[in-house]
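Input: a single structure, listed below in structure tokens.
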Amino acid sequence: MTQTSVEAGQIRIASFNLYNFIAPPDAYYDFNNIYTQAQWQQKCDWIRRYLASHDPCVIGFQEVFSIDALQALLAEAGYPYFVTVDRPEVSDDFIYRHPVLALASKYPILSFEACGIDQTVASLMGIAPGFQYSRLPLRATIALPHLGPCDCYLVHFKSKRAQFEPELAVTPDSGSEPAALASQSGSLAIDKSGTLFAIEEAAKWAASLVRGTEASLLRVVIARRRADTGYPVILMGDFNDGLAGGVLSALVSEDSRLLGGLGEEAFQAYRLQDAYLLHERSEYCPASVARAPTHYHLNRGAVIDYILLSNEFDPRNDQCLAEVSQYHTYDSHLINPQYDRDSYSTDHAPVMISLKIRK
């Protein structure tokens, strides 16, 4: 962080999906997915430019395959603190799957760990004992200026990709050979194809169930830790879904039947809020504008990358220590790409907030 930023009392937090960060000659997912040296250099240079231009103090990364390469790049960029809690899966010595998360900081990381699962709660939810996060979340406690120890959580929830192939669920009496559907005639073939469409939707919903389960179980872990330490909480990452009214709504719940017994103060201490909405309500927000998407699929944009904050960052709360003075979505490479600069960047828009310390 620059001296000017320290003096201004600004702490910048960013979330950044790197999109297949893997150094050649290693491959991601398939043997022919290997960057040339020129492509890899272009990707790394794009990341360096973002860091130099926006200068986040703490940054959480998703889709990391080459951990050592990322740590070296960040050390060169002025991030002496770097942690990860998992390793990608490797087959045939060079094909990588299951990328991991990594967090870098300009400030000391006091402790870090992988986030576990409360098995008692999982059992009550009806979750099978072997359930695991699709990507292992991490928690790093960082000594932030003016704030002290702060628990920063980094996630990459299950994608919307179908949990299983629809063809696997076709039974013999409904047509066991999906390829044969094309050779059948008339309404029978249409009917059997329609079954596959329905099964595909079920497979998508199965992915949503995993994503929602991950979010709910992580929320329990965060709440238990918060009760033990009282540290401010920052939760960031690629959520792969929206927050409003869907499977992730438990992360930002606004009411509870327990309020009558436990009280508003207890609920506010538990609650997490979207940093964008906190900024939108602040005195620092300019005239209201539409929120920029962080990802596009088939030309449709959606906000799926978030930073959530505890009540220490809500100026309406008497425990507030800092406010969201800026919220930035870096999306020029998505909406107006330049090939020489952006062709090996990322398919997400990094998001960053500035936290202004309250006097």
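Give the relative contact order (percent, whole number) for the range 1-160; include only Cα pairs under 8 Å separated by 6+ residues. Mind showing how you got there, number by number?
Values: 273 pairs, mean separation 32.3, N = 160.
Reported as a whole number, the value is 20 percent.
The slack between Lys160 and Arg257, meaning 0.36 nm per residue of separation minus the straight C-alpha distance, is 31.8 nm.
Simple point charges give the picture: +1 on the Cβ of Lys and Arg, -1 on the Cβ of Asp and Glu, and for the range 223-359 a dipole about the Cα centre of about 200 debye.
A 1.4 Å probe, protein heavy atoms only, puts the accessible area of Cys150 near 0 Å².
For the range 5-108, taking Cα atoms only, Rg and Dmax work out to 14.4, 51 Å respectively.
If you take the square roots of the eigenvalues of the alpha-carbon gyration tensor of the range 202-359 and sort them as a ≥ b ≥ c, do you get rounded (a/c under 1.5), prolate (a/b over b/c) or oblate? Before the final figure, lay out the partial values.
Working: a/c = 2.25, a/b = 1.34, b/c = 1.68.
It comes out oblate by the Cα gyration axes.
Averaging the Cα positions of each part gives two centres, and for the range 235-281 and the range 284-347 these lie 18 Å apart.
Shown here for the range 264-332: GluC sites (Glu not before Pro) in loop regions (DSSP other than H, G, I, E, B) with at most 10 other Cβ atoms within 10 Å, namely Glu283. Comparing Ala266, Ala275, Ala104 in a Gaussian network model of the chain (Cα springs below 10 Å), the most mobile by mean-square fluctuation is Ala266. The residues of the range 82-138 expose, per residue, 53 Å² of accessible area to a 1.4 Å probe.
Sites listed here are chymotrypsin sites (Phe, Trp or Tyr not before Pro) in the range 56-149 whose DSSP assignment is loop and whose Cβ has at most 13 other Cβ atoms within 10 Å: Phe94. Considering only Asp92, Asp118, Asp238, the mean-square fluctuation computed in a Gaussian network model of the chain, springs between alpha carbons under 10 angstrom, is largest for Asp92. Among the listed options (1) 189; (2) 148; (3) 132, the one matching volume of the Cα convex hull per residue in Å³ as calculated from these coordinates is (1). What the range 221-275 shows is 49 Å² of accessible area per residue, with the surface traced by a 1.4 Å probe over protein heavy atoms. Atom-type composition of the exposed protein surface of the chain places 53 percent of the accessible area on carbon and sulfur (1.4 angstrom probe). Straight-line cross-link partners of Lys356 among the aspartates and glutamates, defined as a Cα under 18 Å from its Cα and at least 8 positions apart when in the same chain: Glu7, Asp55, Asp151, Asp274, Glu280, Glu283, Glu312, Asp314, Asp318, Glu323. Counting only the backbone N, which residues of the range 235-255 are under 20 Å from the spot 7 Å out from the Cα of Asp342 toward its beta-carbon? No residue passes the distance filter.
GNM remark for the chain: springs join alpha carbons under 10 Å apart, and the peak mean-square fluctuation among Leu196, Leu73, Leu217 falls on Leu196.
For the range 306-349, the per residue solvent-accessible surface stands at 46 Å², with DNA, RNA and ligands left out and a 1.4 Å probe.
Sort Lys204, Lys356, Lys43 by heavy-atom solvent-accessible area, probe 1.4 angstrom, most to least.
Numbers: Lys204 85, Lys356 60, Lys43 5 Å².
Listed by decreasing accessible area, they come as Lys204, Lys356, Lys43.
The values are calculated or read from the model by the stated rules, or taken from the named source; none is laboratory data. It should be emphasised that the depicted structure is a prediction, and the values quoted were computed from it without experimental measurement. For neighbour counting, all protein chains shown are included, and Cβ atoms are generated from backbone atoms with ideal geometry for every residue, glycine included. Ligands, DNA and RNA are excluded from the accessible area calculation, which covers all protein heavy atoms including side chains. Shrake-Rupley method; radii C 1.70, N 1.55, O 1.52, S 1.80 Å.
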